[in-house]
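For reference, the structure is listed below as structure tokens.
The values are calculated or read from the model by the stated rules, or taken from the named source; none is laboratory data. For clarity, every value in this text was computed on a predicted model and none was experimentally measured. All Cβ positions, glycine included, derive from the backbone under ideal geometry; neighbour counts span all protein chains shown. Keep in mind that these areas ignore ligands, DNA and RNA; they rest on the heavy atoms of the full protein, side chains included. Shrake-Rupley method; radii C 1.70, N 1.55, O 1.52, S 1.80 Å.
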Amino acid sequence: MSTTSGAPNPCPADRPTGDDHRPAPTRPGPPAHLPPAHRDRAPGPHLVTASIPQAAGPLGTGVVAATAATVAAALPWSFPPGGGPTTFDLAIGSRVDPRLDPRPWVAEVLALATNTGVVLALLCGSALWFTWQRRWWEAATVVLAPELAVAVNTWALKPWWGRPLHDYLAYPSGHTVHLVSVITALVLLLRSARARAVIVALATAVWCAGGAGMIALDYHHATDIIGGAAAGISLTIALYWVSVCLRRTFGPRPR
């Protein structure tokens, strides 16, 4: 084939030109099974923690934990020498005792909410629920965080503040720490905001009832119970974020 001028065409159709017109390889997109929120992001290590439920971010839970820790640390400053009841304890006792002293069985029933066996049943039920859903990290965290919080309270906080009552150290209340720690861990790990709200409402009512029973039975002062709730919340939130960091660091990476 020749051009109009009669000169041969330097680039005939069947002659390679040296230019590579092959299509560029396409970059694989994110898997189709990812939710829409993640489809604009390539797979990477951040997906390891995409399923970690968070009732609030580090800032929100940090504020709650710091507030609770401040309450737990400030209450002992109100104790009289020897760790006896405060004016607040006497005021609460004067309202609870006349109503429950004539009916001690009612106080026993109310105090059952903080009984170790009841709290352990709640703990095991929560772990079984997460295990049934194959959420292994949540199942481990809901067991380990409350038990570690109880250990810290028993071996560190109680001896540090050293408030005696009868033949034991009463502040912070260990039974209250146990109950509140389990509830706090459960609230942090659940994904449903409605379920978290219901559990917080029920737990608050149970805590008040159990506290009234322990006060009537002379197991604890009111400040022991308040300090136990504050210590349980702060310790469990701290341990929860330790667990999150460990999972992010040592958890499996997507292939």
Exercise for the section: Check the stretch 132-149 and report whether any residue there is open to solvent by 70 Å² or more (accessible area, probe 1.4 Å), within 14 Å of His175 (Cα to Cα), within 16 Å of the chain's Cα centre (by Cα) and among the hydrophobic types (A, V, I, L, M, F, W, C). Expected result: yes
Practice task
Go through (1) farther than 24 Å from Thr87 by Cβ; (2) open to solvent by 10 Å² or more (accessible area, probe 1.4 Å) one by one and return the number of the condition Asn153 breaks.
Solution key: (2)
Exercise for the section: Please specify each residue of the stretch 158-181 satisfying the condition of being open to solvent by 30 Å² or more (accessible area, probe 1.4 Å), touching a strand residue (DSSP E or B) at 6+ places or on another chain (Cβ under 9 Å) and either in a helix (DSSP H, G or I) or among the aliphatic types (A, V, I, L, M) (or both). Expected result: Pro159, Trp161
Exercise for the section: For Pro85, work out the one condition from (1) part of a helix (DSSP H, G or I); (2) modelled with pLDDT of 90 or more; (3) open to solvent by less than 100 Å² (accessible area, probe 1.4 Å) it doesn't fulfil. Expected result: (1)
Exercise for the section: Kindly indicate whether Tyr219 is among the hydroxyl-bearing types (Ser, Thr, Tyr), part of a loop (DSSP other than H, G, I, E, B) and open to solvent by less than 20 Å² (accessible area, probe 1.4 Å). Expected result: no
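Here is a yes/no grid of residues against (1) at pLDDT 95 or above; (2) of a type in the set (Val, Ile, Thr); (3) not in a helix (DSSP H, G or I):
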residue: Thr70; (1), (2), (3): yes, yes, no
residue: Ala74; (1), (2), (3): yes, no, no
residue: Asp97; (1), (2), (3): no, no, no
residue: Ala113; (1), (2), (3): no, no, no
residue: Leu123; (1), (2), (3): yes, no, no
residue: Phe130; (1), (2), (3): yes, no, no
residue: Ala139; (1), (2), (3): yes, no, no
residue: Leu144; (1), (2), (3): yes, no, no
residue: Asn153; (1), (2), (3): yes, no, no
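For every residue, the table says whether it meets (1) closer than 13 Å to Ile215 by Cα; (2) under 33 Å from the mean Cα position of the chain (by Cα); (3) among the polar types (S, T, N, Q).
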position: Leu90; (1), (2), (3): yes, no, no
position: Gly93; (1), (2), (3): yes, yes, no
position: Pro104; (1), (2), (3): yes, no, no
position: Glu108; (1), (2), (3): yes, yes, no
position: Gly117; (1), (2), (3): no, yes, no
